[in-house]
Amino acid sequence: MRIPRLLSAILLLLISCTCMDLSFLSGLLEDDGEPRGEMIEFGNEVQGSIGEGGVEYWSFTGDSGDQITISMESQDFDSFVALFGPDDQYLVCDDDSGGGLNARIRRFVLPSSGIFNIVAMAFWQDVGGDYTLELEQTGTDQTFDEIGGGSLEYGDSVREHLDIWTGDVWTFSGEAGDRVSIRMGSNDFDTYLDLWGPDLKRVTYNDDDGRGTNSFIDNVTLPLSGTYNIVARGYSTGETGNYSLSLE
């Protein structure tokens, strides 16, 4: 079992104080993933507040096959919510499926067991304000629809078929200061690209800066070193078909 360095230091400190109860650490030490935010449970509704360009993290423990719904509502901004797995891999996001400008990830099946991290933010980065977020368990022992994608290196181009609405996830390793361009094109649907950094923050996104309804992230500078997630999906829910993707 891998124990994160910070938790190892805390554990050593607490072991030296034999009168302390260590039970509150058990939920953290039993999983490989680390919570990036306050832990919440199924059935919880929480309130939060973000500043301009800010994000907040909420973490929960889930089991493979759990079917969940995450709802985020705000009267101050256009809400946007994303979910990352125990290995910090992007899983799914949503902008306006909750009605109006509210976000809702509806009936998503967890692919593995561990600690999952929710990213709560405003779609437009020049606003902030208050919001509520609710986590529900809507089923158990469900079948996960495998996410497509894979790993890329600079200079790679792929041709694939998008099968599920959540999008395909392509990962690559980058260094802080690298300048990258990502192209996505399709004759079957309106493409959309998201780029997420190692810190689970969205670096940038693009809809139609390529030709027609194709997407093009042009010459963006990577802010950190580590593994990045490219999410290749359709602009609208339910769009599938063939597409091409390149990383330069």
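Read the figures in this text as sums done on the coordinates, not as results from a lab. Every value quoted in this text rests on a predicted model; they were computed, and no experiment measured them. For neighbour counting, all protein chains shown are included, and Cβ atoms are generated from backbone atoms with ideal geometry for every residue, glycine included.
What FRET efficiency would be calculated for the residue pair Glu136, Glu34, taking the C-beta separation as r and a Förster radius of 22 Å, to the nearest 0.05?
Working: r = 24 Å, r/R0 = 1.08.
E between Glu136 and Glu34, to the nearest 0.05, is 0.40.
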- Task: Search the structure for amide H atoms under 5 Å from the amide H of Asn44, placed 1.01 Å from N in the peptide plane, and list their residues when 5 or more places away or on another chain.
- Result: Leu135
- Query: Going out from 0 in 5 Å bins, what whole percent of all Cα-Cα distances in segment 27-173 drops into each bin?
  - Reply: 2, 9, 18, 21, 20, 15, 10, 4, 1, 0
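Pairwise over distinct Cα atoms, reciprocal of the mean inverse distance: report the Kirkwood radius of segment 149-247 in Å, one decimal place. Walk me through the numbers on the way to the answer.
Values: mean 1/r = 0.0757 Å⁻¹.
For segment 149-247, the Kirkwood estimate is 13.2 Å.
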- Message: Through the Karplus equation 6.51 cos²θ - 1.76 cosθ + 1.60, θ set to phi - 60°, convert the phi angles of segment 217-222 into ³J(HN,Hα) values in whole Hz; use x for Gly and Pro.
- Response: 8, 9, 6, 8, 8, 6
- Message: Test of understanding: ordering Arg106, Arg179, Arg233, Arg202 by Cβ neighbours within 10 Å, fewest first, what list do you get?
- Response: Arg179, Arg106, Arg202, Arg233
- Task: Starting from the Cα of Ala176, step 7 Å along the direction of its Cβ; do the same at Asp96; then give the gap between the two resulting points in nm.
- Result: 3.7 nm
- Query: Convex hull over the alpha-carbon atoms of segment 85-237: what's its volume per residue in Å³?
  - Reply: 136 Å³
